[in-house]
């Protein structure tokens, strides 16, 4: 069976039923895919895998670059790339878990002149906003609190995801004297530089469903 159509010039063309069937199937498939996409559950990344994550830092002492890390921290993240206005992050670091690579240095920096871990056992970051920069890049803003002092910070962040697994990577620089990290004789930035780079690598997993 054929169906005829007439063009603007008045010519009549026969369309075979098989072609009509293919057109109809194509339209039905396209509509179905659009319907599925419209109802696909959103992914919110909010489960931080701390055993796979890391918070490290870099500094300079006597013009020698050195690195360290914090072994214990807790993190809470709520991140949906499509809903940045609702994004939240909170990280709490056990400052006594610092590892500078030296037992002697570890004992020194948890003391009163440095982190004063007995009085201020936790350093924290609480986000106040996140802005998309394109190409999986973002800028996170927040409040960083160390040793009872709080400052505004901004950190460039990249986010990569595959399925329900995501990776946040970023770094920002602080001035240790803004947080009284190193008092007394340690305020001499010729011995230990004022600038400290904080680096973070967070592995997160997502759940689907309505927010």
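The values are calculated or read from the model by the stated rules, or taken from the named source; none is laboratory data. Note that the structure is a prediction, hence the values are computed from the model and not measured. Positions of Cβ are backbone-derived with ideal geometry, glycine not excepted, and every protein chain shown enters the neighbour counts.
Scanning the stretch 188-207 for residues that are surrounded by fewer than 15 Cβ atoms within 10 Å (Cβ to Cβ) and farther than 30 Å from residue 44 by Cβ yields 188, 189, 190, 191, 195.
Of the residues making up the stretch 133-169, those that are in a loop (DSSP other than H, G, I, E, B) and on the phi > 0 side of the Ramachandran plot are 135, 136, 147, 148, 163.
Scanning the stretch 154-185 for residues that are over 17 Å from residue 52 (Cα atoms) and buried (at least 17 other Cβ atoms within 10 Å of the Cβ) returns 155, 157, 172, 174, 176, 179, 180, 181, 182.
Yes or no: residue 196 in contact with a strand residue (DSSP E or B) (Cβ under 6 Å, 6 or more places away or on another chain), part of a strand (DSSP E or B) and over 30 Å from residue 86 (Cβ atoms)? The answer is yes for residue 196.
It is to be established whether one or more residues within the stretch 84-98 are within 14 Å of residue 198 (Cα to Cα) and in contact with a helix residue (DSSP H, G or I) (Cβ under 7 Å, 6 or more places away or on another chain). Checked the stretch 84-98: at least one residue is within 14 Å of residue 198 (Cα to Cα) and in contact with a helix residue (DSSP H, G or I) (Cβ under 7 Å, 6 or more places away or on another chain). Take the conditions at pLDDT 95 or above and either assigned by TED's automatic domain parsing to the domain that holds residue 61 or not in a loop (DSSP other than H, G, I, E, B) (or both) and apply them to residue 207. Does it pass? Against the criterion (at pLDDT 95 or above and either assigned by TED's automatic domain parsing to the domain that holds residue 61 or not in a loop (DSSP other than H, G, I, E, B) (or both)), residue 207 does not qualify. For the structure I just gave you, tell me whether residue 74 is assigned by TED's automatic domain parsing to the domain that holds residue 195, without any contact (Cβ under 8 Å) to a residue 60 or more places away in the chain and part of a strand (DSSP E or B). Yes: the conditions hold for residue 74. Within the stretch 73-89, the set of residues being more than 18 Å from residue 161 (Cα to Cα) and surrounded by fewer than 15 Cβ atoms within 10 Å (Cβ to Cβ) comprises 74, 85, 86. Of the residues examined, residue 101 is one that is surrounded by fewer than 13 Cβ atoms within 10 Å (Cβ to Cβ), assigned by TED's automatic domain parsing to the domain that holds residue 77, farther than 12 Å from residue 147 by Cα and touching a residue at least 24 places away in the same chain (Cβ under 8 Å).
Which residue is nearest to the chain's Cα centre (by Cα), if the candidates are limited to the stretch 57-71 and must be outside any loop (DSSP other than H, G, I, E, B) and in contact (Cβ under 8 Å) with a residue 60 or more places away in the chain?
57
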